[in-house]
C-alpha cells in the first residue's frame with residue numbers, strides 16, 4: 001500500500017510545485033520591475049527578491065523529488081494490480 005501512495009504523492013508535489021512556481025515567477029518579475037523603475041524602497045525590494053529566488057530554488061528541488069517519486073511508479077509496475 002505504501003508503494004502505491006508514493007507515485008500519488010509525487011504527482012501532488014508536482015502540482016503544488018507548478019502552482020507555487022507560477023506565483024513566485026510573478027512575485028520575482030514584479031519585484032525586479034519595481035527595482036528597475038525605482039518605485040519602491042530598494043532595500044525592501046532587494047530582500048523580497050532574494051527571498052523569492054530562494055523559494056524558487058526550493059520549488060525546483062521539490063519538483064525533482066516529485067519526478068523521482070513518479071518514476072518509481074513506472075519501475076514498480078504501473079500495472080501492479082490496478
Can we say residue 27 is within 30 Å of residue 74 (Cα to Cα) and assigned to a helix (DSSP H, G or I)? no
Does residue 35 satisfy being in a helix (DSSP H, G or I), over 17 Å from the mean Cα position of the chain (by Cα) and at pLDDT 85 or above? yes
Can you confirm whether the range 59-72 contains a residue that is at pLDDT 90 or above and more than 15 Å from the chain's Cα centre (by Cα)? no
The lone condition residue 77 fails out of (1) modelled with pLDDT under 85; (2) loosely packed, with under 14 Cβ neighbours inside 10 Å; (3) on the phi < 0 side of the Ramachandran plot is (3)
Output the residues belonging to the range 29-76 that are touching a helix residue (DSSP H, G or I) at 6+ places or on another chain (Cβ under 6 Å) and farther than 28 Å from residue 10 by Cα. 31, 34, 35, 40, 45, 48, 49
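The values are calculated or read from the model by the stated rules, or taken from the named source; none is laboratory data. Quick caveat, the model's predicted, so the values are computed rather than measured. Note: ideal-geometry Cβ built from the backbone for every residue, glycine included; neighbour counts use all protein chains shown.
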